[in-house]
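The values are calculated or read from the model by the stated rules, or taken from the named source; none is laboratory data. Quantities reported herein were computed from a predicted structural model and do not represent experimental measurements. Positions of Cβ are backbone-derived with ideal geometry, glycine not excepted, and every protein chain shown enters the neighbour counts. Heavy atoms of the whole protein, side chains included, go into the accessibility calculation; ligands, DNA and RNA do not. Shrake-Rupley method; radii C 1.70, N 1.55, O 1.52, S 1.80 Å.
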Amino acid sequence: MDIGIKQRLKALNLFIKDIYHDQFIIKDGIIPAELIYSCPYFLREMKGVKVPHDIYVHIAGVDLIRGGDGEFYVLEDNLRTPSGVSYMLENREISKRIFPGILPKNNIRPVSDYPNLLYKKLKALSNQSDPKVVLLTPGIYNSAYYEHTTLARLMGIELVEGSDLVVQDHVVYMKMTSGLERVDVIYRRVDDDFLDPLEFNTSSTLGVAGIMAAYRKGNVNIVNAPGTGIADDKAIYIYVPEMIRYYLNEEPILKSIKTYQLANPEDYSYVVENIKKMVLKKTDGSGGYGMLMGHEASDEEIEDYLNTVNKKPENFIAQPILNLSTAPCCINGILSPRCIDLRPFALTGPDGIDITPGGLTRVALKEGSLVVNSSQGGGSKDTWVIQ
């Protein structure tokens, strides 16, 4: 599995670099140009920007499921601001308390080194001898704020908001009581749209004015790089196997789910005819929102959803509903099976790709549900990888 994830991330990173530079994959007819330029995550501001070490995706969470055939499939790639690693860490701490001695006895590989490994990867991105690393958060009202505080504390770095930073002469500084202190690496948990009010959303107070100019000058490194969302758009997902063949000259190790583009008349007709066996998704959707589970939807819900699709079919894809693997859960004191997926976390730096020996197992706590997202009532489990 590790080899498959590394292969996928190498290809996706090469794809992002290509899209913002030479665009060979478009010129060779592998991916249509209109698909790229219509994607809301494609940032024209990143065109031609030299990225340190040519790394765009430093932190990734690849969602995997196990189908009824026993094979692993990639559900989606999370490359913008992947979340959930704090739950992986806290779940392991809870396991240690509930099952003292069980983990070492069974040679379960530890995940506690993730913050140290992440910090080393972040420091290695800078050419400074002792770079200043900070974590940029949208603030206390963000749903992942707990994770932001946890990671900053465990890495021993400053947790900052946009108002704590300022750009002067294309250099980013952190405001301190003693004056200004230069910042070299920013692990940002702020979306592209809100990162720089001078270039994106002009009303944003979450980012830092001028940070993109400093980034282009090479005076600060932003993790993950702006514009990485182009590679985790659900419409682009369809082309990842072709990316692997195109950039790496290899066959994909991990399987992808058969995906239909609803802008394609043939795909649209097939999906409508088999809609009770399909899940329909927005290409830029996340958190389990904006989906239609065909086997659960009423005729009225299906009609309403298709009316929305017909307005902009290029913004929707469909996939067959798979029989997900299950894990036992204690529900009201009774062990019951619940559907799960797995999100391993991968860290990319100048020294290569490292994958945590574990990950976040997400659980659909509602009986019969296939939606594991925490925003939709899902839970999580500790994930054990045996040495």
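Take the residues in the stretch 147-192 that are of a type in the set (Val, Ile, Thr) and surrounded by fewer than 16 Cβ atoms within 10 Å (Cβ to Cβ), then tell me which one is farthest from Tyr114 (Cα to Cα).
Start the filter on the stretch 147-192 by keeping residues that are of a type in the set (Val, Ile, Thr), which leaves 149-150, 157, 160, 166-167, 171-172, 177, 183, 185-186, 190.
Filter once more, keeping what is surrounded by fewer than 16 Cβ atoms within 10 Å (Cβ to Cβ): 149, 177.
On the way: Thr149: 15, Thr177: 31 Å.
Per the criteria, the residue is Thr177.
Please tell me if Leu122 is in a helix (DSSP H, G or I) and surrounded by 18 or more Cβ atoms within 10 Å (Cβ to Cβ). First the steps, then the outcome.
Details: in a helix (DSSP H, G or I): yes; surrounded by 18 or more Cβ atoms within 10 Å (Cβ to Cβ): yes.
Yes: the conditions hold for Leu122.
Quick one: in the stretch 182-205, of everything that is in contact with a Ser or Thr (Cβ under 7 Å, 6 or more places away or on another chain) and in a loop (DSSP other than H, G, I, E, B), which residue is nearest to Pro138 (Cα to Cα)?
Among them, the one singled out is Arg189.
Select the strands (runs of 3 or more DSSP E) contained entirely in the stretch 280-387, then report the ones holding at least 2 residues which are on the phi < 0 side of the Ramachandran plot and of a type in the set (Lys, Arg). I'd like the intermediate steps shown before the answer.
Details: elements: 316-320, 326-331, 334-343, 345-349, 352-355, 360-363, 379-381.
Hits in the stretch 280-387: 334-343.
For the structure I just gave you, tell me whether Tyr73 is touching a strand residue (DSSP E or B) at 6+ places or on another chain (Cβ under 7 Å) and closer than 18 Å to Arg245 by Cα. Outline the logic, then answer.
On the way: touching a strand residue (DSSP E or B) at 6+ places or on another chain (Cβ under 7 Å): yes; closer than 18 Å to Arg245 by Cα: yes.
The answer is yes for Tyr73.
As an exercise: evaluate Leu324 against (1) crowded, with 18+ Cβ neighbours inside 10 Å; (2) more than 21 Å from the chain's Cα centre (by Cα) and give the number of the one condition it does not meet.
Among (1) crowded, with 18+ Cβ neighbours inside 10 Å; (2) more than 21 Å from the chain's Cα centre (by Cα), Leu324 violates only (2).
What are the pairs with Cβ atoms under 8 angstrom where one residue, in the stretch 322-336, is in contact (Cβ under 8 Å) with a residue 40 or more places away in the chain and the other, located anywhere, is polar (S, T, N, Q) and open to solvent by less than 40 Å² (accessible area, probe 1.4 Å)? Sequence gap at least six, or different chains.
Matching pairs, first to second residue: Ala327/Thr361; Cys329/Ser336.
Could you check how many residues of the stretch 206-229 are in a helix (DSSP H, G or I) and of a type in the set (S, T, N, Q)?
So the first thing to find is which residues in the stretch 206-229 are in a helix (DSSP H, G or I), and the list is 211-216, 228-229.
In the following step, the residues that additionally are of a type in the set (S, T, N, Q) were identified as 228.
Adding up the residues that qualify gives 1.
Of all residues in the stretch 47-87, count the ones that are assigned to a helix (DSSP H, G or I), more than 22 Å from Asp191 (Cβ to Cβ) and hydrophobic (A, V, I, L, M, F, W, C).
Residues meeting the conditions: 0.
So, in the stretch 284-307, of the ones that are in contact with a strand residue (DSSP E or B) (Cβ under 8 Å, 6 or more places away or on another chain) and either free of Cβ contacts under 8 Å to residues at least 60 places away in the same chain or charged (D, E, K, R) (or both), which residue ends up surrounded by the fewest Cβ atoms within 10 Å (Cβ to Cβ)?
Glu301
Return only the number of the condition from (1) of a type in the set (Phe, Trp, Tyr); (2) open to solvent by 10 Å² or more (accessible area, probe 1.4 Å); (3) at pLDDT 95 or above that Tyr215 does not satisfy.
(2) is the only condition that Tyr215 fails.
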